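The values are calculated or read from the model by the stated rules, or taken from the named source; none is laboratory data. Computed from a predicted structure; not experimentally measured. Methodologically, a virtual Cβ is constructed for each residue, glycine included, from the backbone with ideal geometry; neighbour enumeration extends over all protein chains shown. With ligands, DNA and RNA removed, areas are computed over all heavy atoms of the protein, side chains included. Shrake-Rupley method; radii C 1.70, N 1.55, O 1.52, S 1.80 Å.
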Amino acid sequence: MKLTFRWYGDDDPVTLSHIRQIPRMSGIVSAVYSFKPGEIWSVESIQAIKQKAEEAGLAFEVVESVPVPEEIKYGGPNADRLIANYCENIRRLGAEGVKCVCYNFMPVFDWLRSELEHKNADGSHSLAYDEVALQTMDPTKSELSLPGWDESYTKAELNRLMDIYSTVTEEKLWENLSRFLHAVIPVAEEAGVNMAIHPDDPPWGLFGLPRIITCEKHYDRFLKLVDSPANGLTFCTGSLGASRDNDLVHMARKYADRIHFLHLRNILITDDRQFHEVAHPTECGSLDMYGIVKALVESGFDGYVRPDHGRMIWGETGRYGYGLYDRALGAAYIVGLFEGIEKTL
């Protein structure tokens with residue numbers, strides 16, 4: 001496996017120098033943040049990230065993410081033009097040595113939590129989700145402030161999108177995803193890029209919006225839309241694992257040859273549709289991290305891996321879920337898991 005680490009650019013409190021010092025770290029996962037979804041990234045902006053990474057002794061082979069514009073998801077009149085722009089971004093990334101692109105097809109909201117600073121018993125803070133608490137909130141009244149989307153839309157834009165999506169069913173979303181994939185995957189194949197869709201987080205519908213990348217049944221349907229090795233998965237344990245119905249060890253083994261990017265993190269499920277994020281090791285949460293990695297290694301997985309959301313520990317402050325310390329501990333744990341399991345084969 002190739003160990004990687006999310007980096008949000010020059011404004012990220014976690015520097016490339018910090019990342020480089022984590023044992024066995026091979027590269028960064030980043031993106032161009034200066035362009036809006038649907039715009040074509042300049043070659044210079046891609047090359048700038050690559051140059052900074054390489055100067056720090058790191059590779060830049062994974063992009064997370066190239067955002068899919070909402071109009072593609074709901075099937076607006078400009079969808080074809082926006083898909084063409086998306087394809088051009090894939091060509092440009094492939095030409096600069098990017099091998100994997102993570103993206104999602106979640107309407108309006110990216111990953112969603114009801115609490116950003118959940119106080120854990122050990123004194124750390126982490127992200128948490130409580131369905132009951134979320135149901136009392138109205139996103140159109142700015143009652144939520146969460147990473148991933150809170151700076152993306154004005155209140156008027158958010159209300160407009162919620163109105164548009166009121167007529168978009170799950171089947172319509174599947175139809176629009178298929179349209180997107182049939183255009184993008186042939187381009188990705190030519191560019192030498194593996195596309196890796198991220199599961200919906202959490203893996204169920206929110207605020208009346210459809211979500212479709214949620215479970216084994218939907219994974220099967222997704223992979224059949226365009227049956228190509230370039231059409232693959234970002235296997236995020238924390239996202240999929242929020243549903244007790246998902247058997248992650250089984251799914252890791254089943255989809256190992258189509259998993260291009262692995263997000264490893266643990267969560268503690270405290271009730272139905274209620275969980276908070278914890279440290280990465282198996283004993284800290286509800287997910288069998290050892291079993292998941294063992295299934296992947298035994299099935300020949302050799303893709304990109306990164307530690308995912310971390311707690312805020314040791315007084316660290318910064319981007320919620322993306323501090324240095326706990327993710328670095330997670331990276332060390334991941335290395336140990338892979339080394340121990342690989343040596344027993």
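Observations on the model:
- Full extension of the segment from D163 to R244, taken as 0.36 nm per residue of separation minus the current Cα-Cα distance, would add 26.0 nm.
- In summary, the aspartates and glutamates within cross-link reach of K343, defined as a Cα separation below 14 angstrom excluding same-chain residues under 8 places away, comprise E298.
- Residue-wise HN-Hα coupling along the range 83-100, computed from phi with Karplus coefficients 6.51, -1.76, 1.60 (Hz; x: Gly, Pro): 5, 4, 5, 4, 4, 5, 4, 5, 4, 5, 5, x, 5, 9, x, 6, 9, 8
- To put it simply, the accessible area of the range 272-330 at a 1.4 Å probe is 47 percent carbon and sulfur.
- Per residue, the chain exposes 42 Å² of solvent-accessible protein surface, assessed with a 1.4 angstrom probe and all protein chains in place.
- Anchor K36: lysines whose Cα lies under 24 Å away (excluding residues fewer than 8 positions away in-chain): K50, K52, K73, K99, K141, K155
- Only lysines eight or more places from K224 in sequence, or on another chain, were considered; those with a Cα closer than 16 Å are K254.
- R0 of 56 Å, Cβ-Cβ distance Q135-K343: FRET efficiency to nearest 0.05: 0.75
- For H198, distant residues with modelled amide H under 5 Å away: Y103, N104, F105, T234
- Which label in (i) 187; (ii) 127; (iii) 140 gives the computed volume of the Cα convex hull per residue in Å³: (ii)
- Net charge contributed by nearby residues that have their C-beta within less than 10 Å of A256 (K/R +1, D/E -1): 0
- Surface composition of the range 214-267: carbon and sulfur atoms hold 48% of the protein heavy-atom accessible area at a 1.4 Å probe.
- Calculated FRET value between S17 and S45, using beta carbons and R₀ = 30 Å, to 0.05: 0.90
- If R0 equals 41 Å, the separation of the Cβ atoms of S26 and D272 corresponds to a calculated FRET efficiency of about 0.60.
- By average C-beta atoms within 10 angstrom, highest first, the peptides 77-83, 173-179: 173-179, 77-83
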